[in-house]
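Values in this text are rule-based calculations from the coordinates and carry no lab data. Quantities reported herein were computed from a predicted structural model and do not represent experimental measurements. Positions of Cβ are generated from backbone atoms using ideal geometry, with glycine treated the same way; all protein chains shown enter the neighbour counts.
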Amino acid sequence: MSNAIAHVPVQRILGAARDDFVDDLAVEEPLEIQLEHAGQRRSVSITMRTPGHDQELALGFLWTEGILRSLEDLRQVRSVSQSPCRTNLVRVALQDHVAVDLDRLERHFYTTSSCGVCGKASIQALRAQSAFPPWPEGSPPFFPASLLHSLPARLRAAQEVFATTGGLHASALFDRSGECLVLREDVGRHNALDKVIGRALLDGQLPLRDRLLLVSGRASFELVQKASMAGLPFLGAVGAPSSLAVDLAREAGMTLVGWLRDGRFNVYTGAWRLTCIGRPHVPSA
């Protein structure tokens, strides 16, 4: 992902000393997502993202917004160049049979890289209709709790651009043996997850009913919503969840784990899905 890294001259100050060098930074550029449907073309989102896997990002976004429900809904997806060196537009053409409610998708035209839902025109539009029903309690799959401890290190080891820049979020899919199946990085945490979901859509893997999702930062409402839309039973985060994320995960029947690092984690919802959890520790008097 060479287009994801910018080389910027900087001055580093240490005490009274100055050092001139070149720093590697994560690239942040706008991406416009356009829909073609029934002879009409309309822009539905502009998001600030790290270039790379742009078509996956667009498809994942449209899936988690409930516009795409299967790969058969897609007629074509292509990146459109505005200049010889800039491609910041993805155009998605839908099949004629797809019913599109663009008013429900209405956003302010600009969405920041830090928030994928703060530009929503109304709070009622947040809870997109999922193609998959919520997980009922007690339904498989189940995951060994011991497996979770190894996931953060595997996530970090696969973050190639973060290792250079230190400035990206990551989302990764793991199977039940702990193998990392796909990882995507982006300046926007919601973009990284959209890229993962878009890849799964193109590979015909949705719903992701037996996969674990791990994100490198906090677990926000938007990430839980997107994970639910992809049919994921498990979401783990290196950081903390928000209260609304916990509410939505409980509603969706997902297992939500936070503070997954340093050999520990907190289970906020769906603890029944994790096997081999020891008894609660009771401090001695």
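Taking amide hydrogens as modeled 1.01 Å from N in the peptide plane, which residues meet the under 5 Å criterion relative to ARG75, leaving out close sequence neighbours?
Long-range HN contacts for ARG75: ALA93, LEU94, GLN95.
Mind listing the long-range amide H neighbours of THR269? Cut-off is under 5 Å, sequence gap 5 or more, other chains count too, H placed in the peptide plane at 1.01 Å from N.
Under 5 Å from the amide H of THR269 lie the amide H atoms of LEU256, each far enough along the sequence or on another chain.
Can you tell me which of 262-271, 133-142 comes out highest on packing, and rank the rest after it, using the mean Cβ neighbours within 10 Å?
On the way: 262-271: 15.4, 133-142: 12.1.
By packing density, highest mean first, the sequence is 262-271, 133-142.
Got a sec? How would CYS180, CYS276 order by Cβ neighbour count within 10 Å, fewest to most?
CYS276, CYS180
Just to verify a number: FRET efficiency for VAL80 and ALA6, C-beta to C-beta distance, R0 = 25 Å, to 0.05?
Calculated transfer efficiency: 0.65.
Sticking with the crude label model, points 7 Å out along Cα→Cβ, report the distance from ALA38 to ALA99 in nm, one decimal please.
The modelled label-to-label distance comes out at 1.1 nm.
Pulled fully out, how much extra length does the chain show between ASP24 and LEU202, if you take 0.36 nm times their separation in residues and subtract their Cα-Cα distance? Let's see the in-between values first.
Details: separation 178, 0.36 × 178 = 64.08 nm, distance 3.14 nm.
Separation in residues times 0.36 nm, less the Cα-Cα distance, equals 60.9 nm.
Provide the per-residue ³J(HN,Hα) series for the range 246-263, in order, calculated from phi with Karplus coefficients 6.51, -1.76, 1.60 and θ = phi - 60°, each as a whole number of Hz, with x at glycine and proline positions.
Running phi through 6.51 cos²θ - 1.76 cosθ + 1.60 with θ = phi - 60° gives 5, 4, 5, 4, 5, 5, 8, x, 8, 8, 10, 10, x, 6, 7, 6, 6, x Hz.
Find how much the distance from ARG261 to ARG156 grows on full extension, using 0.36 nm per residue of separation minus their present alpha carbon separation; answer in nm with one decimal.
Details: separation 105, 0.36 × 105 = 37.80 nm, distance 1.13 nm.
So the extension gain works out to 36.7 nm.
Return the long-range amide H neighbours of ARG211 (sequence gap of 5 or more, or a different chain), with a cut-off of under 5 Å between placed amide H atoms.
Excluding prolines and chain starts, which carry no amide H, there are no hits.
Only counting other Cβ atoms within 10 Å, I'd like LEU235, LEU202, LEU68 sorted with the fewest neighbours first.
Ascending number of Cβ neighbours within 10 Å: LEU202, LEU68, LEU235.
Treating the beta-carbon of each Lys and Arg as +1 and of each Asp and Glu as -1, no other charges, what is the dipole magnitude of the range 143-275 about its Cα centre, to the nearest 20 debye?
For the range 143-275, the charge dipole is close to 180 debye.
Can you give the net charge of the other residues whose Cβ lies under 11 Å from the Cβ of PHE132, counting K and R as +1 and D and E as -1?
+2
Using a Förster distance of 30 angstrom, determine the FRET efficiency expected from the C-beta separation of ARG250 and GLU179, and round it to 0.05.
According to the calculation, E is roughly 0.60.
Where does each of MET229, MET48 land when they are ranked from fewest to most other beta-carbon atoms within 10 angstrom?
MET48, MET229
Which of the three applies to the range 143-275, rounded, prolate or oblate, going by the alpha-carbon gyration tensor with a ≥ b ≥ c and a/c under 1.5 meaning rounded?
rounded
Mind listing the phi-derived Karplus ³J(HN,Hα) values for the range 215-229, rounded to whole Hz, using 6.51, -1.76 and 1.60 with θ = phi - 60°, and x for any glycine or proline?
10, 7, x, 7, 9, 9, 3, 4, 6, 5, 4, 5, 4, 5, 4
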